[in-house]
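Each value in this text was obtained by applying a stated rule to the coordinates, not by laboratory testing. Here the structure is a predicted model, which is why all the values come from computation and not from measurement. Neighbour counts are summed over all protein chains in view; Cβ atoms, including those assigned to glycine, are modelled from backbone coordinates with ideal geometry.
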Amino acid sequence: MKVVFHERFREVYARDAAAAPGRLDLAVEELRRHFSFVEPAPAAVGDVARVHTTAHIEAVKRRGLTYEMALLAAGGAIAAAELALAGEKAFGLIRPPGHHASPSSSWGFCWFNNVAVAVEKLRYRGDIRTALIVDIDLHFGDGTAAVFGRVPEVAYYHVSAQSRREFLSELEEFLGTQGSYDLVALSAGFDRHVADWGGTLYTEDYELIGRMVADFAAARASGRLFAVLEGGYDRAALAEAACALLEGME
Ligand SMILES: [Zn+2]
């Protein structure tokens, strides 16, 4: 297990909850105790252009620092996906998040769709043909759904049950219905944590989720699995839950 992180992700690039000062600090501290870190390079504009329109890329570009950070976050997702392809599980501890970024627009603290940019890069290169993206964030990843809505090779599934027990059984049941894929990606939002906005899942639930998804990837996707950070706004919960998720994924 590798954690993909760049010191620049600590920079406050915008005035929103995902860009809040110190948001990732406890997670970095906690994950460094357990896992080794690798540093990503920014995504190339051409990588982002497989998912987003030129007009959207230009609009983000006018935001200066946010654009730089969005390219670096997409690069973090690419690095995590490439590790997964090489047989090493990985977690992109990145920001800004991406799952609310559609081809020509974005909202909800997102600019470029990190997970989509990474999956499409691997697909474009012919490294993979199919992928499953599982989203455990509190919010539906409308951007990811929009990117892959007409792409039968890439499935997107958001776990939407509102209670803890239903959430875990929904995920288990969904995975039980799935065939094989070349890669599994996890949009890992932690805003369902009991200490966060969703108030649903406990820290240990994330370990169970990590194990369920890793077992599925082992059985159905040659063990190729990576996760990227989406939401998660309570710093201590984010640190604990991310660590639990990664322990489950190992
Ligand atoms: Zn969210």
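The alpha-carbon of K89 sits under 23 angstrom from the alpha-carbons of these lysines, leaving out residues fewer than 8 places away in its chain: K2, K121. Annotation: amide H-H contacts under 5 Å for H193 (H modelled 1.01 Å from N, sequence separation of 5 or more, or interchain): G198, G199, T200, L201. Figure legend: label point modelled 7 angstrom from the Cα of Y124 along Cα→Cβ; residues of segment 48-69 with amide N under 13 Å from it are 48-54.
If Lys and Arg each add +1 and Asp and Glu each add -1, what is the summed charge of the other residues whose beta carbon sits under 9 Å from the beta carbon of A188? That works out to -3. Which of rounded, prolate, oblate describes segment 1-48, given a ≥ b ≥ c as roots of the alpha-carbon gyration tensor eigenvalues and a/c under 1.5 marking rounded, otherwise prolate only if a/b is larger than b/c? Here segment 1-48 falls in the oblate category. Starting from the Cα gyration tensor of the chain, take the square roots of the eigenvalues, sort them a ≥ b ≥ c, and report rounded, prolate or oblate (rounded when a/c is under 1.5, otherwise prolate if a/b is larger than b/c, else oblate). Rounded is the answer for the chain, as its axis ratio a/c remains below 1.5. Using a Förster radius of 30 Å, what is the FRET efficiency between R150 and R15 based on their Cβ-Cβ separation? Nearest 0.05, please. After rounding to 0.05, the efficiency reads 0.30. The overall shape of segment 2-84, judged from the alpha-carbon gyration tensor, is oblate: a/c is not under 1.5, and a/b is no greater than b/c. Taking all Cα pairs closer than 8 Å and separated by 6 or more residues, the relative contact order of the chain comes to 23 percent.
Once you have the Cα-Cα distance between A44 and R32, take 0.36 nm times their residue separation minus that, and quote the gain in nm to one decimal. Walk me through the numbers before you get to the answer.
On the way: separation 12, 0.36 × 12 = 4.32 nm, distance 2.75 nm.
Full extension of this stretch gives 1.6 nm more.
With both labels modelled 7 Å from their Cα along Cα-to-Cβ, the D25 to D215 distance reads 3.8 nm. Reducing segment 63-86 and segment 1-58 to their Cα centroids gives an inter-centroid distance of 6 Å.
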